[in-house]
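Taking it in order: structure first as structure tokens, then the write-up.
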Amino acid sequence: MKKEVKNWLEQAEHDVEVAEYNLKGNMLDAAAFYSQQAAEKALKSLYISKFNELWKVHDLVRIAKRIQAPTKIVELCAKITPAYSTTRYPDVGKEYGRGDVEEILRSAKEVLEWVKKNLNS
């Protein structure tokens with residue numbers, strides 16, 4: 001595995017840990033944001049592996065489609081993507097309930113696992 005790919009994947013795994021930590025501390029906006037970041041960095045690791053370049057896009061659906069992810073992964077990405085922008089603003093990020101954030105984190109973990117399988121195949 002190329003060093004750049006490995007770095008992005010390791011950062012994705014770290015972001016999952018940060019999301020879990022924030023969820024335990026009831027910092028829901030931060031947990032949602034880091035979940036999105038984990039999924040984005042995981043997808044970008046696979047993108048770099050396939051295309052030898054970084055695509056500076058934050059829309060997970062676009063990235064997933066470009067790397068030809070299955071429909072289920074694209075659908076998970078559609079659930080996760082809004083957390084990138086909504087959690088960065090004072091009022092909007094507070095709209096996420098615990099159940100919403102748990103679902104975003106679960107989805108991000110599923111994307112990460114799919115990426116790992118595809119990097120190793």
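The values are calculated or read from the model by the stated rules, or taken from the named source; none is laboratory data. Keep in mind it's a predicted model, so treat the numbers as computed, not measured. Every residue, glycine as well, gets a Cβ built from its backbone with ideal geometry; the counts of neighbours run over all protein chains shown.
Here are the numbers:
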read-out	value
Of all residues making up the range 106-121, the number that are in a helix (DSSP H, G or I) and among the polar types (S, T, N, Q)	2
Index of the failed condition, Glu17 passing every other in (1) surrounded by fewer than 20 Cβ atoms within 10 Å (Cβ to Cβ); (2) at pLDDT below 95	(2)
Some residue of the range 96-116 being at pLDDT below 95, of a type outside the set (Val, Ile, Thr), exposed (fewer than 14 other Cβ atoms within 10 Å of the Cβ) and in contact with a helix residue (DSSP H, G or I) (Cβ under 9 Å, 6 or more places away or on another chain)	yes
Test: residue in the range 37-48 that is under 21 Å from Lys117 (Cα atoms), modelled with pLDDT of 95 or more and surrounded by fewer than 13 Cβ atoms within 10 Å (Cβ to Cβ)	no
Count - residues of the range 67-88 that are loosely packed, with under 15 Cβ neighbours inside 10 Å and over 15 Å from Glu103 (Cα atoms)	5
